[in-house]
1. Give the residues of segment A:1-19 that are more than 17 Å from A:K219 (Cβ to Cβ) and modelled with pLDDT of 90 or more, sorted by residue number.
2. Here are B:S233, B:S188, B:S205, B:S195: which of them is surrounded by 14 or more Cβ atoms within 10 Å (Cβ to Cβ), touching a residue at least 40 places away in the same chain (Cβ under 8 Å) and within 23 Å of B:I67 (Cβ to Cβ)?
3. If a residue must be out of contact with any Asp or Glu (no Cβ under 7 Å at 6 or more places or on another chain) and surrounded by 18 or more Cβ atoms within 10 Å (Cβ to Cβ), how many such residues does segment B:155-175 contain?
4. Quick check: is even one residue across segment A:304-314 more than 14 Å from every other protein chain (Cβ to nearest Cβ), over 29 Å from the mean Cα position of the chain (by Cα) and at pLDDT 85 or above?
5. Just to be sure before I move on: is A:I53 within 16 Å of the chain's Cα centre (by Cα), of a type outside the set (S, T, Y), more than 7 Å from chain B (Cβ to nearest Cβ) and closer than 22 Å to B:V100 by Cβ in the structure I sent?
6. Kindly check whether there is at least one residue in segment B:107-118 that is in contact with an Asp or Glu (Cβ under 8 Å, 6 or more places away or on another chain), within 14 Å of chain A (Cβ to nearest Cβ) and buried (at least 20 other Cβ atoms within 10 Å of the Cβ).
7. Filter segment B:22-44 down to the residues that are closer than 19 Å to B:A122 by Cα and not hydrophobic (A, V, I, L, M, F, W, C), then identify the one that is nearest to the other protein chains (Cβ to nearest Cβ).
8. Read through the list (1) within 19 Å of B:G56 (Cβ to Cβ); (2) part of a helix (DSSP H, G or I), then give the number of the only condition that B:F226 fails.
Amino acid sequence: MLARVMTDIITVNDLVEVYADGTKAVDGISFNVQEGEFFGFLGPNGAGKSTTIKILTTLLRKTSGSVSIAGYDLENNPKEIRKLIGVQSQETSVDPELTGRENMILEGNLQQMSGKELEDRVDYLIGVVGLKDAADKRAGRYSGGMKKRLDLASTLVHKPKVLFLDEPTTGLDPQSRATVWDYLEELNKKEGITIFLTTQYLEEADRLCQRLCIVDAGKIVAEGSPLGLKKEIGADAITITVQNKTGATDKTPPKAAARELLSKLPAVMDILDAEDGLTIYVKNGGLFVPELVRTFDKTDIDLVSINISTPSLDDVFLKHTGKRIRREELVKEVTTGRFGSRRR
Amino acid sequence: MTLLFDTRNLFVRALKKLLRNPILIFFSLFQPILFLVLFTQLFSKFAQVPGLFPAGVSYLEFATPGILMQNAFFSASQSGTSIVEDINSGFLQKMLVSQVSRPAILMGRLAADAFRVTIQSAIIIALAYLLGFRFGTGFAGFLLTLFVIAFFGFAWSGISLTLGMRTKSAETVFGIGAFLTFPLLFMSSALVPVSAMPGWIQDVSKVNPISFAVTAVRDMSLPNAFSLGAEVSALGVITLIAVLTMSATVYLFRKVVS
């Protein structure tokens, strides 16, 4: 066998999950995750992210395809796989009637640990996630962020090689989210734990993942590093907002009129509706601005704002699926997830 | 070994949760204790009606075994709510991605429920003792009584667990439990002698599993009433129920965890 610097720790081939009602939640996806990698699944609600993670973590039986983790076949060796993985599910599952420490000890027990070794490990992890002062309070009294941190710490008790995180920051306030991001980065860098993360937050995928798959409707639509994916777009995004000039005689809505004007410019590659304006894709945003301003000079439309940005992962998603991962969906996503509820 | 280690840990978890929610124990003990104190006062004169009750037996002596079964029955009916809680909170899922032995999840639960019923029964018996209740068969009878009660609770909790895993709704489990308790209790020999009932209730009472369990306990507590035949048939009926309800429970549990 050839020695390789990077070895695949997760191999997924043509994975399919069809639910009893005929819904194809996962529609033939294949990917590899390398040891030590921070890998992400980015996609909107219903893309098949949670289903994939449930299959990979032995919770859900796949319809077809093959999965191997650390050399163990998922079908034949689920027990071996469970020893190697830590899983944080979407819904925070700490026992509210046990203290933080008791929750961690119990998790260690479930992972077949006990005694001094376990106690030391728990003490260490409680320190890492900053719950020392609250460790002996009941978890039911913790804030949402503290519960997430406790949940995260408890997935690490048995020193897993691969960590699965299903939307680890959904429902957290920005500050808690940033804290969790810091922990995750440190875990990955310092302890070399492979992390498989699903998210619908673009910033999260962008900041954390070394490599990611963009998924939609059960299929992988793009794969690569965040930077590489964004470069593929090959254009800058300019978002403008417009309004009618005071005393304008033309009663066409300004947005439609602006679109009409812009579509005639050869430099414009694409025009899309943004939340309160338009997003224009051009090769070189900076150089295009003077032309943009001139275009509206002699019209009845005022340019209220111009915002140039390099392409985001949302633009990548848009390019491959024709739709955006919308903010509204992110807000709605704070789940009341139930075990067995079939989320795609 | 894993099985025992895991069962013990999950048993301890369940007990901790119970002790930190003393209100739960209070609620399940409230009704039996109310019955014990109130009914035994209210109906004390009935026991003197010739021919209805066994001769020389007070209503307290007659009803305490019935109230013990009521307690076992009611507690067992709630046993499914904890598994619903674990399903809905994601805790079950957390257990399932760990290395924990699968049967231990169920066994820890059942052990904790049996323990709970035993403790509650001991409290009721202690209270009845203060009111003048005595065991005709002594300490051995007391221990055997606790066993019969816990075994009955175990058999009956299978129904509640099945409902819990089937509906995943604590309200349904609680509602059906409460809905079944009274008709089954009053149509059994728990609180009223069979001979004092109208004919159709007598018929129900004779096949009512609670009656069998109550008879088994009563035969151990009333003086000179012990009969091996009654004990064996009661244990036989409870075993039959246990086999049925536990088969359903294990079947559904395997579906839930696979």
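The values are calculated or read from the model by the stated rules, or taken from the named source; none is laboratory data. Just so it is clear, the structure is predicted and the values come from calculations on it, not from any experiment. A quick note on method: Cβ atoms are made from the backbone with ideal geometry, for glycine too, and the neighbour counts reach across all protein chains shown.
1. Taking segment A:1-19 first, the residues more than 17 Å from A:K219 (Cβ to Cβ) are A:1-11.
Passing the criteria: A:D8, A:I9, A:I10, A:T11.
2. Numbers: B:S233 fails: touching a residue at least 40 places away in the same chain (Cβ under 8 Å); B:S205 fails: touching a residue at least 40 places away in the same chain (Cβ under 8 Å); B:S195 fails: surrounded by 14 or more Cβ atoms within 10 Å (Cβ to Cβ).
So the residue among B:S233, B:S188, B:S205, B:S195 that is surrounded by 14 or more Cβ atoms within 10 Å (Cβ to Cβ), touching a residue at least 40 places away in the same chain (Cβ under 8 Å) and within 23 Å of B:I67 (Cβ to Cβ) is B:S188.
3. Narrowing segment B:155-175 to residues out of contact with any Asp or Glu (no Cβ under 7 Å at 6 or more places or on another chain): B:155-156, B:158-169, B:171-175.
Narrowing further to those that are surrounded by 18 or more Cβ atoms within 10 Å (Cβ to Cβ): B:155-156, B:158-165, B:168, B:173-174.
Residues that pass the stated criteria total 13.
4. Within segment A:304-314, the subset more than 14 Å from every other protein chain (Cβ to nearest Cβ) is A:304-314.
When the remaining residues are screened for being over 29 Å from the mean Cα position of the chain (by Cα), the result is A:304-305.
So of that shortlist, the ones also at pLDDT 85 or above come out as A:304-305.
Checked segment A:304-314: at least one residue is more than 14 Å from every other protein chain (Cβ to nearest Cβ), over 29 Å from the mean Cα position of the chain (by Cα) and at pLDDT 85 or above.
5. yes
6. Yes: segment B:107-118 contains one or more residues that are in contact with an Asp or Glu (Cβ under 8 Å, 6 or more places away or on another chain), within 14 Å of chain A (Cβ to nearest Cβ) and buried (at least 20 other Cβ atoms within 10 Å of the Cβ).
7. B:P22
8. (2)
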